[in-house]
Amino acid sequence: MDIMIIFKLVGSLALLMFGMKSMSEALQKMAGAQLRHVLGAMTTNRFTGLLTGMFVTAAVQSSTATTLMTISFVNAGLLTLVQAISVIMGANIGTTLTAWIMSLGFSFNITDYVYPAFFIGIILIYMRRHRILGDFLFGVSFLFLGLGTLKTTGSELVTGEYAEAISLFFSQFNSSSFWNSLFFLLIGTVLTLCVQSSAAIMAITMTLCSTGVLHIDQGVMLVLGENVGTTITANIVASTANTPARRAAFAHFSFNIIGVIWVLTLLKPFFRMVCNLAGFDPSMSPNDPEFAIKASMVLATFHSAFNISNTLLLIWFVPWIERFVCMVIKSKKQDEEEDFRLHFITAGIMKTPELSVLEAQKEIQSFATRIQRMFGMVRNLLHEKDTTRFVKAFTRIEKYEGISDNMEIEIAKYLDEIGNSHLSDETKAKIRSMLRQISELESIGDSCYNIARTLNRRIKGKEEFTPQQYEHMTQIMQLTDDALTQMNIMLAGRKDMLDANRSFNIENELNNFRTQLKTQNISDVNDHKYTYAIGTMYMDIIQECEKLGDYVVNVVEARMGIKMA
């Protein structure tokens, strides 16, 4: 019997967490792209940022998703840290809706409505057109089934054969001393950190308080602890990320810690105000039929009141919070260009597959920018006469070629991890397109390295190009660089506002120029204007530039969703 109750409790908690995750992911699939656009467009100042954070979090039912999405925008330079802080403040308010959904489960026997929802959900899932709506219904149903089972099992536990032992255990913590309150605050923080879900701990808190096992004062402290614990999780996730990501996560932690400190100093009047708002009498007996409903409601009200009050108070101090986090987390002074490090993809930073695609796309843009920088080094190498400087530049290009290989592998691994999740058809198509993009970008890196190797072979063979050859190579490299610039514009812009014709036109110019130079090269070698060896190296560079242009067009086609011929 002992083990069955434990399994019931743990199982119902697992159901609740799975339901919350499924519901959140389904909501993000339904509105992910639009919400990302809203997040980028509606943060002109801290107040619109606050409203945006509230709206997005309420829509996707996940403050973590909103926070991580915000961090990715900071990384991409689309949001300032000040705007990000205001969005995260809004997310804190938006996430309080979850507590009210939980409270609803204590107002009536919600499990009566779960099974019809499961039935409708499975029909919608098999109707492929409405599969995401079916996923959402399943998520909500699992959430309420888990909550109902948790509530029933908790009631059985405190009224059954273990009632006396449980009552004796919790009676040790009934005193409302400062240290006792601090203990429950710490417990709430640690539990949230361990379970990685503030919603799950909120459900446990509501169950304990609604059955009368835990005094409402202690439940309130657990709620405060959950607010701190959820920010520590974000900081752990962002610990391996870049400086803006770590600053945004630390701002979230600082914001909630400040809130907990001032609420603790005004806890009694603040708690009285919350009880009045919820219509709850702290002296109400747990045997009262209304007790369970009122207890869950007062916890939801406290959660909302804390986050709303804290946000309204600290929204005026956002610039000071920004200065504080920048002072604590300083920028790393290192040449990041020379080190292989992904800027936007960090292990575990995006837990939601649909939103992870944004991270991958930003990383591909960074990859493409780095590749164009590598080609710029190759162009400089063409005119480098000093042997020492040539060797140094060639070594740098070699390093970039290794970075290019590593970036392709790491981005592909990340996309593969996303692909293992249950995705919408649109997202699957995006992943296929991105895999093609990184493959072609790596091929561009190979072409750059091949050109550098040809130039290195010329140096070692003590050969020299003619002025006319230098002029032609400079011209074709300029055309190739124009192609790379256009490719980067295509990768950074919105697909519906892009035109691939410019890239195709440059590719035609490259093809025609290559053909013209090939014919002329044969004639020049026959006329003994230069040796066959230097003519071969010259054409290797011309051919590689033209091949590089083909790879660029392949990237553009992948970006635009154009299938290969």
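The values are calculated or read from the model by the stated rules, or taken from the named source; none is laboratory data. Remember, it's a predicted structure, so these values are computed and weren't measured experimentally. Because the Cβ atoms are built from the backbone with ideal geometry, glycine has one as well, and the counts that use them run over all protein chains shown. Please note that ligands, DNA and RNA were not included when accessible areas were found on the heavy atoms of the full protein model with its side chains. Shrake-Rupley method; radii C 1.70, N 1.55, O 1.52, S 1.80 Å.
Observations on the model:
- Share of carbon and sulfur in the accessible heavy-atom surface of the range 517-565 [1.4 Å probe, %]: 55 percent
- Between residue 392 and residue 532, the modelled label-to-label distance comes to 3.9 nm, taking each label 7 Å out from Cα in the direction of the beta carbon.
- The residues of the range 405-544 expose, per residue, 50 Å² of accessible area to a 1.4 Å probe.
- The range 477-533: trypsin sites (Lys or Arg not before Pro) in DSSP coil with no more than 10 other Cβ atoms inside 10 Å: 494
- Nitroxide proxy distance, nm - points 7 Å out along Cα→Cβ at residue 502 and residue 266: 5.4 nm
- Computed packing ranks the peptides 46-56, 127-137, 256-266 as 46-56, 127-137, 256-266, most packed first, by mean other Cβ atoms within 10 Å.
- When a 1.4 Å probe is rolled over the protein heavy atoms, the share of accessible surface on the range 362-449 that falls to carbon and sulfur comes to 48 percent.
- Cα centroid separation, the range 441-474 to the range 500-519: 19 Å.
- Note on residue 324 and residue 119: their simple-model spin labels are 5.4 nm apart, each label 7 Å out from Cα toward Cβ.
- Residue 385/residue 562 FRET efficiency (R0 51 Å; Cβ-Cβ; nearest 0.05): 0.75
- Cleavage-rule hits, trypsin sites (Lys or Arg not before Pro), the range 244-273, DSSP coil, Cβ neighbours within 10 Å at most 15: none
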